[in-house]
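Quick notes on the structure that follows.
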Ligand SMILES: Cc1cc2nc3c(=O)[nH]c(=O)nc-3n(C[C@H](O)[C@H](O)[C@H](O)COP(=O)(O)OP(=O)(O)OC[C@H]3O[C@@H](n4cnc5c(N)ncnc54)[C@H](O)[C@@H]3O)c2cc1C
């Protein structure tokens, strides 16, 4: 099919090597490790364009996966980045989002109406999705809005459907007056000797954290010193005064710098953007964990110090400990969607960045080591097998086991895969193997 693609689209609807700079720009990805030289790129503008091009291609949304899942070496890429419109319907309190939109697009548009997405209170995006326009493997364009069907196809979309637009069911947060604007606080940074008190504080805070708050702890090398530090980004959807009380255990540790302040939610959501632009080699490697155990994070921090010492270019990356309250996410049964990573656990993500391709193996091995360490420690303590349900696809590099990503849903999804995508059109990003 990719051989026929030139006959299906006008010259100005296709990008090939001949397009020089435009082509080179279109094959760029968030991580240089994901750049592949496609033969054809279709910069789709409508679901019809996607349907026409539908074949064993790579689809590019934002291009953030580091594995190359949204790229193709010598084949076809359907590029959705022009389909990035976000339209708020104030009456229905929904937002319609194009398949190529970035969270920056969503958050910026939603903020104009005082809306936001708050996972601890409302759950995952797939839990609040109301409608999706899909292009199936056989090129049908469907609008799906029946809750049950929607739940069963979503999360599986990466294997056999494509999301082109979607609506958020809940209004998220709508301010009633200026004083109700979504607020947040930011608390960089504390020095390594304070690691144990900091993680103890995090454990204390996590026990009572409400659905309106969240926190992330970064092991990073921020300016101006560019040496390993611990940076906390606490978030509270309320006043700064209340936030100070909520996060008192963190403040009591005594940060070396307190940069917390009230800010609109869209700004909070974009705090990491300057550190997360396209360019450089990048890797995500993550695992779930249940205990906020200072000793284990001390071990990982010491390894991070060694890594950044030996390979200074890795200072551009970070280890992110994500302490998002999980009750709402865990409330939804695993079988309700394809997404299996629901439970009373947090997530740690080694978000590494470097520039020398010769270091690829070493950096990947380092990240895997940290993740394995944490998994082993938890397994030793709790006799718990962490495999099966704790693979977080979004942070995957595709060396994860597919069964870990889909957990108890695997067999059901394998049947659906055989029925709706027997030719394995959706073959990337944790494609479920076809049953013999
Ligand atoms: C800085 C940063 C922060 C992040 N934070 C979070 C976070 O808080 N929570 C979280 O869950 N994830 C997070 N992620 C991970 C992110 O959600 C995944 O990397 C996700 O794949 C990015 O979407 P994308 O459109 O850029 O994907 P791409 O890399 O473009 O595509 C990924 C895969 O999905 C397929 N695909 C893309 N769009 C479509 C579509 N419309 N229809 C069908 N298939 C499609 C592609 O073919 C590919 O296989 C973060 C990533 C970054 C870079």
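Quick notes on this one:
- Residue satisfying all of: in the stretch 303-337; assigned to a helix (DSSP H, G or I), within 16 Å of the ligand (Cβ to nearest atom) and touching a residue at least 24 places away in the same chain (Cβ under 8 Å); nearest to residue 363 (Cα to Cα) among these: 316
- Looking only at residues in the stretch 241-273 that are in a helix (DSSP H, G or I), over 16 Å from residue 217 (Cβ atoms) and modelled with pLDDT under 85, the one that is nearest to the ligand (Cβ to nearest atom) is 269.
- Residue in the stretch 230-247 that is nearest to residue 296 (Cα to Cα), counting only those that are surrounded by fewer than 20 Cβ atoms within 10 Å (Cβ to Cβ) and in contact (Cβ under 8 Å) with a residue 24 or more places away in the chain: 244
- Residues (in contact with a helix residue (DSSP H, G or I) (Cβ under 9 Å, 6 or more places away or on another chain) and either outside the structural domain of residue 286 (by TED's automatic domain parsing) or within 19 Å of residue 352 (Cα to Cα) (or both)) located in the stretch 215-257: 217, 219, 220, 221, 222, 226, 227, 228, 229, 230, 232, 233
- If you check 351, 365, 358 for being outside the structural domain of residue 128 (by TED's automatic domain parsing) and under 22 Å from residue 276 (Cβ atoms), only one passes: 351.
- Criterion (within 16 Å of the ligand (Cβ to nearest atom), within 29 Å of residue 291 (Cα to Cα) and not in a helix (DSSP H, G or I)) met by exactly one of 394, 347, 424: 347
- When the stretch 96-119 is limited to residues that are over 17 Å from residue 62 (Cβ atoms) and either touching a helix residue (DSSP H, G or I) at 6+ places or on another chain (Cβ under 6 Å) or in the same structural domain as residue 52 (by TED's automatic domain parsing) (or both), the one that is modelled with the lowest pLDDT turns out to be 116.
- Residue among 389, 375 that is more than 29 Å from residue 305 (Cβ to Cβ), at pLDDT below 95 and either more than 16 Å from the ligand (Cβ to nearest atom) or assigned by TED's automatic domain parsing to the domain that holds residue 332 (or both): 389
- Residue match in the stretch 261-268 (condition: under 30 Å from residue 372 (Cα atoms) and touching a helix residue (DSSP H, G or I) at 6+ places or on another chain (Cβ under 7 Å)): no
- Of note, residue 211 does not satisfy the criterion of being closer than 19 Å to residue 267 by Cβ, away from the ligand (no atom under 16 Å from the Cβ) and modelled with pLDDT of 85 or more.
The values are calculated or read from the model by the stated rules, or taken from the named source; none is laboratory data. Quantities reported herein were computed from a predicted structural model and do not represent experimental measurements. No Cβ is skipped: glycine too gets one built from the backbone with ideal geometry, and neighbour counts run over all protein chains shown.
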